[in-house]
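Colleague: Sharing a structure, written as structure tokens. Questions coming.
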Amino acid sequence: MRLLRLLRRLAALATVLALTWFFAPSAVAGGPTSVLITSPESEEAAALYYANEDYEPASGAARRQ
């Protein structure tokens, strides 16, 4: 009896996890983004905010190639 109960619980857990993974939405950024690039070797840093006209989202760059 205990083994059957344990197997049922494990099956229920596996089902819930599978459904969670199946119905989970893809990741979506929820607001303005920026880019910060650093180089430890040259000790330099560069930043770019989304409102800057040089900023190009990665998804748009991938579609144009």
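The values are calculated or read from the model by the stated rules, or taken from the named source; none is laboratory data. Source: prediction; values computed, not measured. Backbone-built Cβ (ideal geometry, glycine too); neighbour counts: all protein chains shown.
Colleague: Would you check if Ala14 is modelled with pLDDT of 75 or more and surrounded by 10 or more Cβ atoms within 10 Å (Cβ to Cβ)?
Modeller: Judged against the criteria, Ala14 is a match.
Colleague: Give segment 32-64 a look and list any residue that's at pLDDT 85 or above, among the charged types (D, E, K, R) and either surrounded by 10 or more Cβ atoms within 10 Å (Cβ to Cβ) or outside any strand (DSSP E or B) (or both), or say none.
Modeller: Listed by number, the residues that qualify are Glu41, Glu43.
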